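Note sheet for the following structure.
The values are calculated or read from the model by the stated rules, or taken from the named source; none is laboratory data. Not measured: the values here are computed from a predicted model. Glycine also receives a Cβ, built like all others from the backbone with ideal geometry; neighbour counts cover every protein chain displayed. Areas reflect the complete protein model, heavy atoms only, side chains present, ligands, DNA and RNA absent. Shrake-Rupley method; radii C 1.70, N 1.55, O 1.52, S 1.80 Å.
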Amino acid sequence: SFYYGTFPAGFLWGVGSSAYQTEGAWDKDGKGPSIWDAFTHKKGKVFRNETGDSACDGYYRVKDDIQLLKELRVNHYLLSISWPRIMPTGIKAEQLNEKGIQFYNDTINSLLENNITPIVSLYHWDLPQVLQEKYGGWQNISMVNYFNDYANLCFEKFGDRVKHWITFSNPWAVAENGYETGEHAPGLKLGGCGAYKAAHHIIKSHAKVWHSYNNTWRREQQGMVGISLTSGWGEPVDPHSQTDRAAAERYIQFHLGWFANPIYRGDYPEVMKNYVGRKSAQQGLGTSRLPTFSVQEKTYIKGTSDFLGIGHFTTRYVLQKNFPFLQVSGYHTDRDLAELVDPNWPAPGPKWLYSVPWGFRRLLNFIKTQYGNPLIYVTENGVSEPVQCTQLCDEGRIQYLKGYINEILKALNDGVNVKGYTAWSLLDKFEWNKGFSEKFGLYHIDFKNKNKPRYPKASVDYYKKIISANGFPNPREVENWHRKAMDTCSTTHQHLAADSLITHMEMVTEIVLPTVFTLCILICIVLLIFYLRNHT
C-alpha cells in the first residue's frame with residue numbers, strides 16, 4: 001500500500017548521467033579514444049550502428065544543462081569524468097590534457113555557483129583504449145596502479161570542491177558485459193574466467209584509491225569515497241521452498257555481494273566461492289575460476305567505503321535450476337538458478353525493465369542486515385520508454401518514480417540509512433549497445449535537430465513537486481501533482497510539434513531546395529545543348 005509521509009530534513013534529491021552517454025566531442029580538444037569509441041565504431045556492435053560520437057553534445061551544452069538542473073531544483077548532480085578526456089592514453093606519465101581538466105573544472109564551478117553539489121564518478125565504463133590495447137584492460141593487474149594515478153590526479157585537481165567521490169559505477173556490468181558476454185566494450189568473450197578476473201582487479205583498484213584518499217587527501221579535503229553497485233532484487237518463486245529461497249539468495253550474492261561482500265566483509269560471498277569452486281573442480285581445473293584474496297588483501301579491502309551507492313531498476317522471481325557440468329561454465333551457469341517475471345508487472349519501457357517497486361525496499365533492507373546498515377545514496381533509479389514514439393506525457397515514468405521513491409520512504413522507516421536519491425537520468429542519451437533506442441531521460445532530446453533541443457517531460461514537473469514537498473504529504477496534493485504534470489506536458493508537446501515542423505522546413509530549405517536548384521540548372525544545360533545542336 002502507498003505510504004504518505006515526508007523524508008527526513010536534509011535528505012538529498014538529485015539526478016545523474018555519465019560522460020560517454022552525454023558529452024559527445026569524442027575526439028575534440030585533445031581527448032584520447034576510449035574503449036567505447038573503439039567498440040561503437042565497429043559495425044554490428046550497437047543497435048543501428050549508432051555511436052556516442054556526439055551523443056547529447058553535453059560537452060558544449062554545460063550551461064544549458066545546468067539550467068535544467070536549476071529548473072528541477074535538485075540538491076545534487078551525479079556526473080562522471082571521462083578518463084581519456086583528461087589523460088588521453090590513460091597513463092599519467094605520458095600525457096595530461098589541460099583542456100579536458102579545464103572542462104571539468106568549469107563544470108564543477110558552474111554547478112557550485114548554482115548551489116548544486118557535484119557527486120563525481122571516476123569510472124563509468126570509458127576506459128582509455130590505449131590501456132585496453134597495451135594491457136588487456138581490466139584483465140591486467142597493472143590497471144590498479146594506472147587507475148590510482150588517474151584518481152589521484154582527479155583528487156588533486158578537483159578535490160578542493162568535490163566532496164563525494166564514486167570509484168566505479170556499476171562494475172558488475174563492466175566485468176560481466178565487457179569480458180564475458182561481450183555485449184559491452186571492449187566486447188570480449190573470455191569464457192568462465194574473464195568476468196571474475198576483471199571484477200577482482202576492479203575491487204583491488206577501488207580499495208587502493210580509497211586508501212590513497214584516506215592517507216593523502218582526506219585530512220585536507222574532508223570528502224568521502226564510495227562505490228556505486230547496481231543490483232536487481234531476487235524474490236523466491238515459492239517462499240516456502242528452501243531451494244528457491246537459497247536460489248534467490250545466490251542471485252543477490254552473485255550480483256551485489258560479488259562486490260559489496262569484499263568491501264564490507266573482507267571476501268567474496270561463501271556461496272560464490274563454493275559454487276564457482278565446485279563447478280571449476282567438475283571441469284577438471286586445478287584451481288577455482290573465482291580468484292582468491294590473500295589474508296593481507298582481505299584486510300586491506302575490508303572497510304574501504306565511506307558510503308554505498310546503490311543503483312536499482314527491477315526485480316526477478318528466482319528458482320533453482322541445475323546446469324550440467326558438461327556445459328561450458330560461466331557466470332550465469334555457475335549460479336544454478338533461473339529468473340522469471342510476472343507477466344502482470346508493468347513494463348513501461350524495454351522488456352527487461354519491469355516496474356516492481358516492492359523489490360527496492362527488500363533490497364535496501366538486505367543491505368542493512370548484510371553489511372551493517374551502511375550510509376546509502378541511491379545513485380541510479382529510473383525507467384526508459386521505447387524510441388518509437390515521443391512520450392512527453394510519460395505516465396509510466398511518473399508511476400515508476402512515485403512507487404520506487406515511496407519504497408525508499410518505507411525503508412527509512414525500517415531503519416535503513418538512506419541519505420539521498422538520484423533519478424536516472426537527466427537527459428535521453430546514448431544507451432550503450434542499445435544505442436538511442438531506449439530513453440531514460442526526464443528531458444527529451446530531439447536528436448533529428450542539429451541543435452539537439454531539450455524538452456521537459458511530465459515527470460520533470462512531478463519529480464520537482466516531490467523534491468519541493470520532500471516526499472508525499474497527502475493523497476489530495478499528490479493527485480494534484482499528477483494532473484498538473486499532465487497538463488504541462490500537453491503544452492510542451494505542442495511546442496515540440498511546432499519545433500519539429502520548423503526543423504523539417506529547415507531541412508527542406510538546407511537540403512532539398514539546393515538539390516532541386518542544382519537539378520534545374522543541369523536540365524537547363526542539357527536542353528540548351530540539344531537546342532544548340534539542332535540549330536547547328
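Along segment 397-406, what does the Karplus equation 6.51 cos²θ - 1.76 cosθ + 1.60 (θ = phi - 60°) give for ³J(HN,Hα), rounded to whole Hz, x for Gly and Pro?
5, 4, 5, 4, 4, 4, x, 6, 5, 5
Please tell me which of these pairs span more than 22 angstrom C-alpha to C-alpha: K31/K434; K197/K279; K189/K434; K351/K439; K351/K484; K70/K450?
Details: K31/K434 24 Å; K197/K279 16 Å; K189/K434 19 Å; K351/K439 13 Å; K351/K484 29 Å; K70/K450 24 Å.
From K31/K434; K197/K279; K189/K434; K351/K439; K351/K484; K70/K450, over 22 Å: K31/K434; K351/K484; K70/K450.
Run the accessible area of the chain with a 1.4 Å probe and give the carbon-and-sulfur part as a rounded percent. Could the numbers behind the result be given before it?
Working: 12310 of 22130 Å².
Answer for the chain is 56 percent, counting heavy atoms of protein chains only.
Collect residues whose amide H, placed 1.01 Å from N in the peptide plane, falls under 5 Å from the amide H of G311; neighbours closer than 5 in sequence don't count.
The list, which skips near neighbours in sequence, is L229, T230, S231, T379, E380.
Under a Cβ-Cβ cut-off of 9 Å, what is the net charge of the residues other than P357 that fall near it, where Lys and Arg count +1 and Asp and Glu count -1? If you can, show how the numbers build up before the last one.
Working: positive: R361, K402; negative: E407.
Charge balance near P357 sits at +1.
Given the options W36, A173, G191, identify the residue whose Cα lies farthest towards the positive end of the charge dipole of the chain (+1 on Cβ of Lys, Arg; -1 on Cβ of Asp, Glu).
G191
³J(HN,Hα) across segment 108-123 via Karplus (A = 6.51, B = -1.76, C = 1.60, θ = phi - 60°), whole Hz, x for Gly/Pro?
Working through the residues one at a time gives 4, 4, 5, 4, 5, 4, 9, 6, 10, 7, x, 10, 10, 8, 7, 8 Hz.
Within the set of other residues whose C-beta is less than 15 Å from the C-beta of I202, count the net charge using Lys and Arg as +1 and Asp and Glu as -1.
Values: positive: K197, K204, K208; negative: D126, E176, E180, E297.
Taking every Cβ under 15 Å from that of I202, the sum is -1.
Hey, can you find the accessible area per residue of the chain for me, probe 1.4 Å, expressed in square angstrom?
Working: 22130 Å² over 536 residues.
Per residue, the chain has 41 Å² of solvent-accessible surface.
Using modelled backbone amide H atoms (1.01 Å from N, in-plane), which distant-in-sequence or interchain residues come within less than 5 Å of S121's amide H?
L79, S80, I81, I166
Which value in deg cm²/dmol, rounded to the nearest 500, describes the helix-derived mean residue ellipticity at 222 nm for the chain, given -39,500 (n - 2.57) per DSSP H run of n ≥ 4 and division by the residue count? Can you show the working numbers first?
On the way: 20 runs with 239 residues, N = 536.
For the chain, the value works out to -14000 deg cm²/dmol.
Given the whole protein assembly as supplied and a 1.4 Å probe, what does the accessible area of K434 come to in Å², nearest 10?
The accessible area comes out at roughly 80 Å².
Net charge near R316, counting Lys/Arg +1 and Asp/Glu -1 over other residues with Cβ under 10 Å of its Cβ? Let's see the in-between values first.
Values: positive: none; negative: E235, E339, D342.
Combined, the nearby Lys, Arg, Asp and Glu give -3.
If you count the DSSP beta bridges with both ends in segment 5-473, what percent of them are antiparallel, to the nearest 5?
Numbers: 12 of 49 bridges.
Around 25 percent of the beta bridges assigned by DSSP in segment 5-473 are antiparallel ones.
Once R0 is set to 51 Å, what does the formula 1/(1 + (r/R0)^6) return for the Cβ-Cβ distance between E71 and A338, expressed as a FRET efficiency to the nearest 0.05?
Values: r = 44 Å, r/R0 = 0.87.
FRET efficiency, E71 to A338: 0.70.
Any chance you could look up the accessible area of R61 with a 1.4 Å probe, heavy atoms only, rounded to 10 Å²?
Here the residue's solvent-accessible area equals roughly 50 Å².
What is the set of long-range amide H partners of R73 at a cut-off below 5 Å, with H atoms built 1.01 Å from backbone N?
For R73, no residues qualify.
Quick one: order W481, W352 from most to least accessible surface, probe 1.4 Å. Mind dumping the intermediate values first?
Details: W481 10, W352 95 Å².
Sorted descending by solvent-accessible area, the residues read W352, W481.
Over the chain, what per residue volume does the convex hull of the Cα atoms give, in whole Å³? Provide the component values of the computation, followed by the final result.
Numbers: hull volume 105.3 nm³, N = 536.
That works out to 196 Å³ per residue.
Whenever you get a sec, line up C520, C489 from highest to lowest accessible area (probe 1.4 Å, protein heavy atoms). Numbers along the way, then the final one.
Working: C520 65, C489 0 Å².
Descending order: C520, C489.
Once both labels are modelled 7 Å past Cα along the beta-carbon direction, what's the S468-W345 spacing in nm?
Once both label points are built, they end up 3.4 nm from each other.
Could you give the size of the charge dipole of the chain about its Cα centre, using +1 on the Cβ of each K and R and -1 on the Cβ of each D and E, expressed in debye and rounded to the nearest 20? Intermediate values should be presented prior to the final figure.
Details: 57 positive and 52 negative charges, 134 e Å.
Rounded to the nearest 20 debye, it is 640 debye.
When a/c is below 1.5 the answer is rounded, else prolate if a/b is larger than b/c, else oblate, so apply that to segment 69-124 with a ≥ b ≥ c taken from the square roots of the Cα gyration tensor eigenvalues.
On the way: a/c = 3.93, a/b = 2.28, b/c = 1.72.
Prolate.
Using θ = phi - 60° and the Karplus form 6.51 cos²θ - 1.76 cosθ + 1.60, what ³J(HN,Hα) does each residue of segment 452-465 get, whole Hz, x for Gly and Pro?
Coupling constants for segment 452-465: 6, x, 9, 10, x, 8, 4, 5, 4, 4, 5, 5, 4, 5 Hz.
Which order do you get for L112, L522 if you rank them by accessible area with a 1.4 Å probe, largest at the top? Don't skip to the end; give the middle numbers.
Details: L112 70, L522 95 Å².
The most accessible residue leads, giving L522, L112.
If I fit a long axis through the Cα atoms of helix 194-212 and take the longest principal axis of the Cα atoms of the chain, what angle between them do I get, 0 to 90°, rounded to 10?
The angle comes out at about 80 degrees.
Keeping all protein chains in the complex and leaving out DNA, RNA and ligands, what accessible area do you get for V144 with a 1.4 Å probe, in Å² to the nearest 10?
We get 20 Å² for V144.
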